[in-house]
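Worksheet for the structure shown next.
The values are calculated or read from the model by the stated rules, or taken from the named source; none is laboratory data. In this text the structure is predicted, and so the values were computed from the model without any measurement. Backbone-built Cβ (ideal geometry, glycine too); neighbour counts: all protein chains shown.
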Amino acid sequence: MVPAVADEDVKIPMAPEGRRRNIVITGSNSGIGKDAACKLAAGGYNVFLACRTMEKAMEARRSVVEEVNALSSRTKRGPGEVTALECDLSSLSSIRKFADEWNKSGRPIDVLVLNAGVALNTGARPPPPRTKDGFEITVGTNHLGHFYLTQLLLDAVEKSPEAPRIVVTASQVHDPSSPGGNVGSKATLGDMQGLAAGIEWEMVDGGGWDADKAYKDSKLCNVLFTRELQRRLQEKGSRVSCNCFSPGLITRTGLFRDQGGFFLSAFDFIVNNVAKVAETVSFGGDCLVTMAVSESLEGKRGVFWSNSKPGKHTFEEVEVSAEAKDAEKGKRLWELSEQAITLALKKQQA
């Protein structure tokens, strides 16, 4: 178990001496992605902020560099480079452009962090918003976008001379028996007949759109993807490890940007001050840092770490849901995800 530090006591992960290691973080313009980027860069890691627009990436870089300069005064090693990059996970073209430019650079990726996420207002009504390629926005961004990005960048990750890692930001709500997962709609992919239909589906299981369930389903996809990717990596003898985690319920982050103002204010007050089950952005950033560079993850493959005691600032390896353990479902999700992306790419060329 890894205890989190207090908010005012920022823990800086010191990079190993020698070659600067490259860490790519999607969704790093806000929330735990940005917090982790600050800490990692202050510790000497080169951090690449992969954000939805270049404007957001540049704004994030300015803020991160300012924070890094303040934090790095506490270290004996100079800070790492902070680079702003554009990667819109809701656009296959943007993902392809980002990956092509990275691969042309020849740089290895030591840690690829798949952190960006979308969570729509739970009261939203159909029809669902869609990605630029026609997928339901939540699963299309949180799962399919990262799935495609990983396929395009895997060679760069495998070029790392160290012990490369892929880290996926999932959530405990993937599990219907968890405190968050058993409230409201429950995560389940069913037989995935929606995803099997191609592009114009509303839910992976073929049902009608439910914004709450779509988010939970996307997190279940994240866990299944992590485990199936790790299986495939081990099958071919790759050195790359892939693990996922849940940072807990964190209201003061960009993830909830699409929730209504009144709802968010009330929800924030209740979970932080009444129920006291929420975590802080700094805690979530520490969780991400742990997954990315901590020695406690050495030798770990296909595992899930979580704030096992909500609001208590603890972080440890825990079991995933029964559905997330279904290896055959993981294989099927992989195959259908490839199929859906192939169809979308062909549609672009038509």
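Is region 81-103 home to any residue that is over 21 Å from Leu153 (Cβ atoms) and in contact with a Ser or Thr (Cβ under 8 Å, 6 or more places away or on another chain)?
Looking through region 81-103, none of the residues is over 21 Å from Leu153 (Cβ atoms) and in contact with a Ser or Thr (Cβ under 8 Å, 6 or more places away or on another chain).
For Lys276, all conditions in the list (1) at pLDDT 95 or above; (2) among the basic types (Lys, Arg); (3) within 22 Å of Glu316 (Cβ to Cβ) hold save one; what is the number of the exception?
Here Lys276 clears every test but (1).
Out of all the residues in region 309-328, is one or more part of a helix (DSSP H, G or I) and surrounded by fewer than 21 Cβ atoms within 10 Å (Cβ to Cβ)?
The answer is yes, given that some residue of region 309-328 is part of a helix (DSSP H, G or I) and surrounded by fewer than 21 Cβ atoms within 10 Å (Cβ to Cβ).
Filter region 120-140 down to the residues that are buried (at least 23 other Cβ atoms within 10 Å of the Cβ) and either over 20 Å from the mean Cα position of the chain (by Cα) or small (Gly, Ala, Ser) (or both) and list them by number.
Scanning region 120-140 gives a single hit, Gly140.
Among the candidates Ser91, Ser63, which residue alone is surrounded by fewer than 22 Cβ atoms within 10 Å (Cβ to Cβ), within 22 Å of Ala119 (Cα to Cα), out of contact with any strand residue (DSSP E or B) (no Cβ under 9 Å at 6 or more places or on another chain) and not acidic (Asp, Glu)?
Every option except Ser91 fails the conditions.
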